[in-house]
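Have a look at the structure below, then the notes.
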Amino acid sequence: MIFEQVATGGCQSYLIGCPNSYVAAVIDPEIRQVERYQAIAAQHGLRIRYVIDTHTHADHFSGSKRLGAALGVPVVMHKLSPAPYADMRVDEGETIKVGETRLRVLHTPGHTRDSMCLVSNDRVFTGDTLLIGATGRTDLPSGDPGELYDSLFNKLLKLDPKLKIYPAHDYKGHTCSTIGDELTDNPRLQKRDREAFIEMMRTLSLSMPEHLTEALRVNMSGGVSVAQLLFEAATQTPFMTLEDARDAIESGANDFIVLDTREKEAFEAGHIPGAIHLPRGQLELRVNDVLLDPTVRILCTCEFGKISTLAAQTLRRMGFSRTVALDGGLQAWRDQGFPTEIGAA
Ligand SMILES: [Fe+2]
């Protein structure tokens, strides 16, 4: 088996490939690594045929939808997954054929209702059901400590102790363990009594993961994160550096407009001299009154350089094809000591 482990912070994802048929699958892709999985597959001469999520992730953004769409291949999830973009739903005992490599599905609810482990010849991808030295938590939506106990002790841990385990998370730099080592060393697995295990899981005081609400929204619906929205806008918008913007303003060109997209109070407290004020929230409403000439160069500004990117993208779509966004925003402009003026437009 061709095998690559890709870590993003504490998130672990995997590319497995069949060396004879050149077919591959990616397990638990992270959205920032979508290009990388494709590059790794190409390096090995593999074609990714499946994108698999072991469960609905609550703490990071799944790359499955994007990777599946980019490659035109199915996103595989357990049949209980709420994600509408999961187009190949699998259940207990079913097998995914990755060339000559087989991944057998074990439904292992507990961390989430839709959690599954994927068993191949010498290893098992455990998602967040079993981690190295820990287990997945059971206090997030659809988690259940009793179900996790049953999934672990009545199913996963009954597999061959020599099987290697590869989890969806590891924060301590481990890359791999075995079922046998976890049975003896994993502190969470030492409570073998069901009630004692449930009590232990209920009394863990774990902090909430960052981006919980947003990750669940994106991963359950197939929508985009705010970061993704900004990233996509930035790929369709040219930027102007602070220095080039200052020079363009100083040159006094009559086909150059600075458009400040912040709210009124922020604009009046200090804006680039000569800027026109059109808040982002009123852009579509007032564009026809404020921007009369589609051939002028428009420099969109805001406080941090993000909302102005969205505004620039919108203006470009409307036909203001020379629109750019200020790289860095007003905060960076002031930090450079560049001039501002106060007062109403
Ligand atoms: Fe998880």
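A short reminder: the numbers here are calculations on the coordinates, not readings from a lab. Quick caveat: nothing in here was measured; it's all calculated off a predicted structure. Please note: Cβ atoms are built from the backbone with ideal geometry, for glycine as well, and neighbour counts cover all protein chains shown.
General remarks:
- Distance between the pseudo-spin-label points of Asp289 and Glu35 (7 Å out from Cα toward the beta carbon): 4.2 nm.
- Around Phe338: net Lys/Arg minus Asp/Glu count, Cβ-Cβ under 10 Å: 0
- Cα gyration tensor shape for the range 44-129, rounded if a/c is under 1.5, else prolate or oblate: oblate
- Net lengthening on full extension, Ser321/Ala69 (0.36 nm per residue, minus Cα-Cα): 87.8 nm
- Zone of Gln43's modelled label, taken as backbone nitrogen in the range 150-177 under 14 Å from a point 7 Å along Cα→Cβ: none
- Positive dipole terminus of the range 229-335, leading residue within Leu310, Val258, Ala269 (C-beta point charges): Leu310
- Stretchable slack from Ala269 to Asp181, in nm (0.36 nm times residue separation minus alpha-carbon distance): 25.5 nm
- Between Leu159, Leu285, Leu189, the residue with the greatest mean-square fluctuation in the GNM of the chain (Cα pairs under 10 Å linked by springs) is Leu285.
- Evaluated with a Cβ-only charge set (Lys, Arg +1; Asp, Glu -1), the chain carries a dipole of roughly 1020 debye about its Cα centre, given to the nearest 20.
- Helix-only [θ]222 nm of the chain, DSSP H runs n ≥ 4, -39500 (n - 2.57) each, per residue, nearest 500: -8500 deg cm²/dmol
- Summing Cβ point charges (Lys, Arg +1; Asp, Glu -1) relative to the Cα centre of the range 229-335 gives a dipole of roughly 300 debye.
- The fewest-to-most ranking of Leu326, Leu204 by surrounding Cβ atoms within 10 Å reads Leu204, Leu326.
- Pairs over the 32 Å Cα-Cα cut-off, from the set Lys172/Lys306; Lys65/Lys155; Lys97/Lys306; Lys79/Lys162: Lys172/Lys306; Lys97/Lys306.
- Rounded FRET efficiency, nearest 0.05, which uses the C-beta distance separating Thr235 from Lys164 and R0 of 41 Å: 0.60
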